[in-house]
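Comments concern the structure below.
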Amino acid sequence: MKKQTSLYHETIRALLISAGLLVLTISAGSAGFALLEGYRLLDAIYMTVITMATVGFSEVVPLSDTGKIFTIFLIIFSLGIFGYVITQITRVIFEGVLHQSYKAYQLRKKIIKLEDHIIVCGYGRNGYQACVELAEHGEQFVIIEKRDHVVTRILEDPDNLYVQGDASSEEVLDAAQIRKAKALITALPNDADNMFVVLTASEMNPTLKIISRASDFRSDTKLRRAGATNVIMPDRIGGQRMAKLVTQPDVVEFVEYILLQRSKDVQLKEISCSKLAVANYKKTIRELKLREKSGANLVGIKTGEGTYIFNPSPDIEITPADKLFVLGAPGQLTKFELLLNDTEHIESSTVDKLL
């Protein structure tokens, strides 16, 4: 983790140290030759450089015994300095260290600027698919992965933001800006690792929505107690889906078409009523006429108590604590949300342009 985030600074520091040592050695050598041998400045610098480079050129002026002793120590000292400088320059040129470190520095800057993003821990099969879906929905996300060969796969997409390290580490989660994130998905293959991630993440950001993967049925309760908002078991979901495809194949395909499709013709969206317009307080679904005005269909409600109401009655009152599940085209959904939450501040002409 430290290697990744500070690579750029370390490379620049190494180059600056190299340049500083080189200038210091040339200055010291030039001063020595000027004081001990009475060389003029240009001759002193020239003598110092050919001594450091060990090119074998003859002296500008034959050296005294004191000058010879000084030259011996200058050669011994400068050999190490010169070797270090050449090594750093070679690394930058032939290994692309500066380019790599600069990319890491730029990546870090992008992550620091994120807010209300999602952190995905683990880039295995489940983590990869989660990232694909998040990208499809236009969400910003940061991947945390510690395996080098998996990081190589992440780099195949230049738009991916990632932090390399252990997702259960506070330092790594901080680097992913967990305190400004809105959700975390931990899709590590080991339940114990997911448990540590959930515990650490929930402690660092108590308001964070945490979705955890689990392999063992017994891990469900433990992960929820640790702070997971939801626990997903791929094996259970896979088995249920296979059974449903036998008993209700068309229903499964219809629901998956809505939830997992790549086209933007229709979407099922969750709309919060937390910013319910004052004018809509104490009004029923029938009175709001959201279906008639927007074209979107209200198919379900999650009440403030956590109860789900499917195909809600037109006589149900909408409250700020509710969450609505609405089906429609993107423009219809936008219009539905604006009519619900911001009716007093929107002109009808502005709303109509959304369709």
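The values are calculated or read from the model by the stated rules, or taken from the named source; none is laboratory data. No experiment lies behind these values; they were computed from the predicted model shown. Every residue, glycine as well, gets a Cβ built from its backbone with ideal geometry; the counts of neighbours run over all protein chains shown. All accessible areas refer to the heavy atoms of the entire protein, side chains included, with ligands and DNA or RNA removed. Shrake-Rupley method; radii C 1.70, N 1.55, O 1.52, S 1.80 Å.
Scan the stretch 87-115 for residues that are part of a helix (DSSP H, G or I), open to solvent by 80 Å² or more (accessible area, probe 1.4 Å) and either among the small types (Gly, Ala, Ser) or at pLDDT 80 or above (or both) and jot them down.
Across the stretch 87-115, the qualifying residues are Lys109, Lys110.
Given the criteria surrounded by fewer than 17 Cβ atoms within 10 Å (Cβ to Cβ), farther than 30 Å from Ala167 by Cβ, at pLDDT below 75 and not small (Gly, Ala, Ser), does Thr54 qualify?
Answer is yes for this residue.
Counting only residues that are within 25 Å of the chain's Cα centre (by Cα) and among the hydroxyl-bearing types (Ser, Thr, Tyr), which one in the stretch 200-241 is surrounded by the fewest Cβ atoms within 10 Å (Cβ to Cβ)?
Per the criteria, the residue is Thr207.
Return only the number of the condition from (1) modelled with pLDDT under 90; (2) within 29 Å of His117 (Cα to Cα); (3) exposed (fewer than 11 other Cβ atoms within 10 Å of the Cβ) that Thr247 does not satisfy.
With respect to (1) modelled with pLDDT under 90; (2) within 29 Å of His117 (Cα to Cα); (3) exposed (fewer than 11 other Cβ atoms within 10 Å of the Cβ), Thr247 is out only on (2).
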